[in-house]
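Structure first, then comments.
The values are calculated or read from the model by the stated rules, or taken from the named source; none is laboratory data. Treat the numbers as computed from the prediction; the structure is a model and nothing was measured. All Cβ positions, glycine included, derive from the backbone under ideal geometry; neighbour counts span all protein chains shown.
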Amino acid sequence: MAFPDQEHTTSGRGIAAVLASVFLIACGRRQAAESEVRRIGAENLAVSVEALRPPGNHVAVRMAVPEADWPATLRAIEPQTVTVGPQGVFVKLESGFAGESGVFIAFTGVSVPTGSGTDPSFEHLEGRIYWYRIKG
């Protein structure tokens, strides 16, 4: 039988271990995606998704792209889902209870604001490629 203080300390350690594991997995997924973007080439990836751009850019919301329509460059990143919006393509790599994160590929001529004060937030990786996070 454990003393009450020991139980609390043990559960606190368990929670900390789980949170640390989740953080490491999330960081690992991002690093893997960044490596794959470098391997493919940021410009090759950006050019490949231009075919997903709606004609006349007539899309007001994000729409799912069927897996059969994903270019080989996107398949290499192993996304959970791919959606297209007016500014570019969201390649979801991680999802949680209410949020998600992954790679965002901006369409030609689109300016993407970087920083953490917006939802979604964008961090520039290379060329027209960004890491995005949606808090939900």
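Figures for the structure shown
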quantity	calculated
ILE40 vs. criteria within 11 Å of the chain's Cα centre (by Cα) and not polar (S, T, N, Q)	no
Filter result for the condition that a residue is surrounded by 12 or more Cβ atoms within 10 Å (Cβ to Cβ) and over 14 Å from the mean Cα position of the chain (by Cα), over VAL112, VAL82, VAL89	VAL112
Residue within the range 58-65 that is modelled with pLDDT of 85 or more and under 15 Å from the mean Cα position of the chain (by Cα) present	yes
Within the range 117-136, considering residues that are without any contact (Cβ under 8 Å) to a residue 24 or more places away in the chain and out of contact with any strand residue (DSSP E or B) (no Cβ under 8 Å at 6 or more places or on another chain), the one farthest from GLY56 (Cα to Cα)	GLY117
Selection count, the range 52-79, where residues are surrounded by 11 or more Cβ atoms within 10 Å (Cβ to Cβ) and assigned to a loop (DSSP other than H, G, I, E, B)	11
